[in-house]
1. Find how many whole Å separate the alpha carbon centroid of region 367-415 from the alpha carbon centroid of region 173-242.
2. In whole angstrom, how long is each semi-axis of the equivalent ellipsoid of region 413-533, when you take the square root of 5 times every eigenvalue of its Cα gyration tensor and sort them from largest down?
3. Taking a quarter of the surface of the convex hull around the Cα atoms of the chain, what do you get in nm²?
4. Heavy atoms of the protein only, probe of 1.4 Å, neighbouring chains included. What is the accessible area of Glu90 in Å², nearest 10?
5. Farthest toward the dipole's positive end in the chain, which of Leu197, Leu480, Gln100, given Cβ charges of +1 (Lys, Arg) and -1 (Asp, Glu) about the Cα centre?
6. Using θ = phi - 60° and the Karplus curve 6.51 cos²θ - 1.76 cosθ + 1.60, what whole-Hz ³J(HN,Hα) does each residue of region 210-217 get, with Gly and Pro shown as x?
7. Accessible area of Tyr533, 1.4 Å probe, to the nearest 10 Å²?
8. Keeping all protein chains in position, work out how much accessible area Thr536 exposes to a 1.4 Å probe, and write it in Å² to the nearest 10.
Amino acid sequence: MGRLLLLLILFLPSCRAQELPEPYALLESGRPEALRQVALGGEGYARLLAGWLLVDEEALPPAERGEYAWRYALFLEGVRPFEPGWEAKEAWRKAASLLQAAGDPRAFSAWERLLPEEEAVAALLSLGAGERLWEALFRGRAYQALLRVLPEGVRPDLRAQALFRLSRFAEALPHYRSWAESDPRGHLGLGYALWRLGRREEALLAFARYDHPESRYAQGRVLEEMGRLLEAVAAYRKSTPEGLWRATALLERQGLLREALGLYLELARAESSYADDAALRAYLLAGRLGLEEERFRAYALLSGGLGLLLGKEPSPPLPAPEVPLPLEAPLVEALIRAGKEAWARGEVRYALWQRPQDWPALVPFLYRLGAYREGIRAAWPTAMAYPRPYRAWVEGYAQREGLDPDLLYALLHVESRFDPLAVSPTGALGLAQFLRSTWADVARMLGEPPADPFDPEASIRYAARYLRWLLERCAAFEGLEQLACALTAYNGGIGYTLRGIAREGDLYAFLRFQERDEPREYLAKVLAAYAAYRATP
């Protein structure tokens, strides 16, 4: 008996340590009256969650349930979590129906977020009219519905753009012309519609009537398509960074290297996604031309990951500022101890939503809870945005394949932000973002049946093996040039990369003149992340 009593004395504090703190003990009960107590009188994430758990409680009035759904939908929309089951759309659907049933004017805004779904269109048509309705339908890409309700002769800008986006270019022309009578931006849309119809000379005339960089870029594209290359260059020079980038290519292809060099340096000095590529190309081109001063200027302008290719280390990421522990820290720790990680993530997300300036104290909790994508987004671009999850697997498989672990970390950082459930619009899966066909190829390399692409251990193992295989295919190069070849192939495909290098006759020429933007940008991102990891303990 005495021994049993001693065991109870030792066991009870342990049980109390695992008890849920208020108000989560009330939420755990699931009783509607307890949930309502928290939803009406609680605070923070627990209050929102309690309300959301009551949304389907039909004994409560629609107005009250609609209020709960509205609050929770706003929260999910604000925090933008990447976790399955935390999507805002379902919350907006509940809010929209309940608020409409309650006659709450916020129903219009809730339904608008669900466009272009047919149910949302029907609801908005019953709730609104005039400018507010037309603008909502246009923003929500409900173009067919907009065309049905928009009165003839009213808002030609909306009608023209809706017809264009439905590929009804000829029908859009008179409405673009009508829009252009009061707003010169109409000429830009008119030009694009004429271009789509193959009426290029008329398109050029329309573009010329809108004095804007975007219009001059469009002129350049049409002129380039017509083979009037020097005229295209002249238009591009006065257009956007993308236009300047296209102009440099045309000049180089025409053998006008000094002129191209000047534009590269101009691009390298400006803020755009082309600045680092332009500085690298200017450095190489100045070397070919024997222009040491321009070469020095290009090197000085080169920043980011591409600098590694020339032996120039980017500046290390700045350290995160120090802030005190958040007020929610004890509650989050208690929820983690109780095995309620989802609720703990909710608490951290709510705190970050309410006090974004406290991110340095909150991001470590997101990392502990596996929400790496959200943590990286909040900590960007400081050193805290470069965590090292799955350390044993990353370092172990990197060593097995003869890779630098920091390189493997950089690859996974860019591919998925360490989200093992990531799915891209093109169907790439998991931490390392493999297409199923490539996943099966790597499984054959490993001599095994394909593993689960959402298994983080398997994804890291496959990524390491595949990157080693790509490096072997790029053995014609050495050092960082071999790495640049392999990383470009990881994104664009080994066939695409080797064919492009053979066609251009040079790795750097291929990197400049490849037909796709994504592999070019991908290489710079991975090299930048690689440099950041090398500079971050």
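The values are calculated or read from the model by the stated rules, or taken from the named source; none is laboratory data. The model shown is predicted, which means the values in this text are computed figures rather than measured ones. Virtual Cβ from ideal backbone geometry, glycine too; neighbours counted across all protein chains shown. Areas reflect the complete protein model, heavy atoms only, side chains present, ligands, DNA and RNA absent. Shrake-Rupley method; radii C 1.70, N 1.55, O 1.52, S 1.80 Å.
1. If we compute the Cα centre of each part, the gap is 45 Å.
2. Values: eigenvalues 117, 51, 35 Å².
Here the semi-axes work out to 24, 16, 13 Å.
3. Projected over every direction and averaged, the Cα hull of the chain covers 33.5 nm².
4. Result for Glu90: roughly 90 Å² accessible.
5. Selected residue: Leu197.
6. Using θ = phi - 60°, the values come out as 10, 7, 7, x, 5, 5, 5, 4 Hz.
7. Answer for Tyr533: close to 0 Å² accessible.
8. Its accessible surface works out to 20 Å², give or take rounding.
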